[in-house]
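Take a look at the structure set out below.
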Amino acid sequence: MSPFSIWLSLFLMGAYHGLNPGMGWLFAVALGLQEQNSRAVWRALMPLGLGHLLSIGIVVGLLQLLSFSLPLPFLRVASAVVLIGFGLYRLLRVRHPRWVGMKVRFWDLTLWSFIMASAHGAGLMLIPFLLPQQKPHPMPHMHHAMPQPTSSFHPLQGWIGVGFHTLGYLIVTSGLALVVYHKIGLAILRRAWLNFDYLWGWMLVAIGLLTLFW
């Protein structure tokens, strides 16, 4: 995949994260309805985005550090095991962390967003798109190319991907929060509800399998 394709995939992954009510837009709408003011919705967006950014940033930073000391095949298998294991955990345990009330300050909401993104494994889903890909490398006395892992993990590409991912998340989160607050209302959740937790769990498992064969 070209860098553009990877960044586009990460942007779309962020947009998918933004669709999940449990990742922030529902909280922003609830705050707006509680205060009867759309400014409360707008105020919630920055800490929601910052918490999400911190969560995935930690995963990307850790992945970069590990890439300097661990061989790529081991890192790929370990990442796949973590993704599949976490996906199965999400399928078996769908409860969300509950610790914050509706009276929240900037850093309270940032921490809540960080915890929710981490609890959903948001950063883990980026791993297969940021790991170095295996490239064909000709071996002596062989008539065909053998896949050999690249030896470098490009730091800049990883952080650009984090930026694209967070942008996709913020665009969808803010768009949904404002549309639901101004036009639709929370009653839509009773008529058209999609269980994102189960969908999320299966996607984590699928991405884990993708990591093995990327």
**OP:** Only helices (runs of 4 or more DSSP H) wholly contained in region 1-78 count here; list those with 1 or more residues that are touching a Gly at 6+ places or on another chain (Cβ under 6 Å).
**Re:** 3-19, 38-69
Original post:
Within the set of pairs 6 or more residues apart or between chains, which connect a residue that is at positive phi inside region 8-21 to a residue that is at pLDDT below 85 with Cβ atoms less than 9 Å apart?
Top reply: none
Original post:
For region 143-159, does any single residue satisfy the condition of being in a helix (DSSP H, G or I) and modelled with pLDDT of 80 or more?
Top reply: yes
Original post:
Using beta carbons and a limit of 6 Å, which pairs, at least six apart or on different chains, have the first residue in region 32-44 and surrounded by 13 or more Cβ atoms within 10 Å (Cβ to Cβ) and the second one at pLDDT below 90 and of a type in the set (S, T, N, Q)?
Top reply: G32/S38
**OP:** For region 89-102, state whether one or more residues are open to solvent by less than 30 Å² (accessible area, probe 1.4 Å), modelled with pLDDT under 80, of a type in the set (A, V, I, L, M, F, W, C) and within 13 Å of the chain's Cα centre (by Cα).
**Re:** no
Original post:
Only one residue in L62, L33, L19, L50 is out of contact with any helix residue (DSSP H, G or I) (no Cβ under 8 Å at 6 or more places or on another chain) and of a type in the set (A, V, I, L, M, F, W, C). Which one?
Top reply: L62
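The values are calculated or read from the model by the stated rules, or taken from the named source; none is laboratory data. Because the structure is predicted, anything quoted here is derived from the model rather than measured. Cβ atoms come from the backbone with ideal geometry, glycine included; neighbour counts cover every protein chain shown. The protein model used for the area step is the full one, side chains on, heavy atoms only, and it has no ligands, DNA or RNA in it. Shrake-Rupley method; radii C 1.70, N 1.55, O 1.52, S 1.80 Å.
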